[in-house]
Amino acid sequence: MRTVRVADLTVRLSGGTDGNGGGQGPLVVLLHGLGAPGDDLVPLAEVIDVPAGTRWLFPEGPLSLSFGPSEARAWWMIDMARIAQDRAAGRVRDLSQDIPKGLAPMREKLLAVLKEIEQQLGADPRKTVLGGFSQGAMLSCDAVLHSDRPYAGLILLSGNLLAQPLWGPLMPKRKGLPVFQSHGLQDEILPYIGAERLRDALSQAGLAVEWHRFRGGHEIPEPVVQRLGLFLTNVLAHP
């Protein structure tokens, strides 16, 4: 693995022909969740079965959180007090109408990274899959919906429907895009119903959603890892 700067973001590269993202193979871009270190998802590159030569890129959120360990990162800040109030009152969080202030600038940063890696790494969008976990999943979804590049697929691990006023009109433009989505039935961070709302909105807009629910919380369990490998092999080997 090697760490580089791309479009003003720190990113980690692995896989490829040399273990450091070398070669011209397909590319998987994965974004970590809120409060995780920038290398949180890097181990996935070692355990997901993908086509030979596949490269992995892991961008790091530029924001450092004031709570948690010093390496805790974020893509945008969230209202922790509101989350605590909702939990205390037993309310299910509904993010569908929320448009975080930091969403648009982070989208532009991510789109700049994606544009630069096409030039620097020779990454063909038709052989590139974008995705992430939790907040990273939602940013990935937002970026794909705002881009016209012909990406091979989208990965949404434990995400929720967000910014529906923005996303809704954009979704039909991505009709036919393969989407891998998973969510835990006991997720206490981002509710299961929010994932169902996202699945239904994408499906109704014509995207090809492969849906996986599991008994568990805010996590990426082994069965999801295995199925994600099959998804990636399918969309990257047979675009």
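Throughout, read-outs are computed from the coordinates displayed, never taken from laboratory work. Bear in mind the structure is a predicted one, so any value in this text is a computation, not a measurement. All Cβ positions, even for glycine, are placed from backbone atoms using ideal geometry, and neighbour counts span all protein chains on display.
Proximity of backbone amide H atoms, modeled 1.01 Å from N, is registered between Val6 and Val11 at under 5 Å, excluding neighbours fewer than 5 places apart on the same chain. If a/c stays under 1.5 just call it rounded; otherwise compare a/b with b/c (prolate if a/b is bigger, oblate if not). Do that for the range 95-239, with a ≥ b ≥ c from the square roots of the Cα gyration tensor eigenvalues. The shape class here is oblate. Between amide H atoms placed 1.01 Å from N, distances below 5 Å from Leu31 occur with Gly131, Gly132, Phe133, all of them 5 or more places distant or on a separate chain. Each other residue within a Cβ distance under 11 Å of His212 adds +1 if Lys or Arg and -1 if Asp or Glu, for a net charge of +2.
Beta bridges assigned by DSSP with both partners in the chain are antiparallel in approximately 35 percent of cases.
Using a Gaussian network model of the chain in which every pair of alpha carbons under 10 angstrom is joined by a spring, one finds that among Pro62, Pro37, Pro105 the greatest mean-square fluctuation is at Pro105. With a ≥ b ≥ c the root eigenvalues of the C-alpha gyration tensor of the range 144-191, is it rounded (a/c under 1.5), prolate (a/b larger than b/c) or oblate? Cα axes put the range 144-191 in the oblate bin.
When the trypsin sites (Lys or Arg not before Pro) in the range 99-163 are filtered for DSSP coil states and for at most 16 other beta-carbon atoms within 10 Å of their beta-carbon, the remaining sites are Lys101.
Just tell me, in residue order, which DSSP H segments of the chain are both 15 angstrom or longer along the helix axis (alpha-carbon based) and at least 0.0 in mean Kyte-Doolittle hydropathy. Answer set is 135-146, 222-237.
Database remark: amide H of Leu63 closer than 5 angstrom to the amide H of Ala74 (H placed geometrically; neighbours at sequence offset of 5 or more, or on other chains; Pro and chain starts carry no H).
Within a straight-line Cα-Cα reach of under 17 Å, Lys109 can be paired with the following aspartates and glutamates, leaving aside sequence neighbours fewer than 8 residues apart in one chain: Asp8, Glu60, Glu118, Asp142, Asp148.
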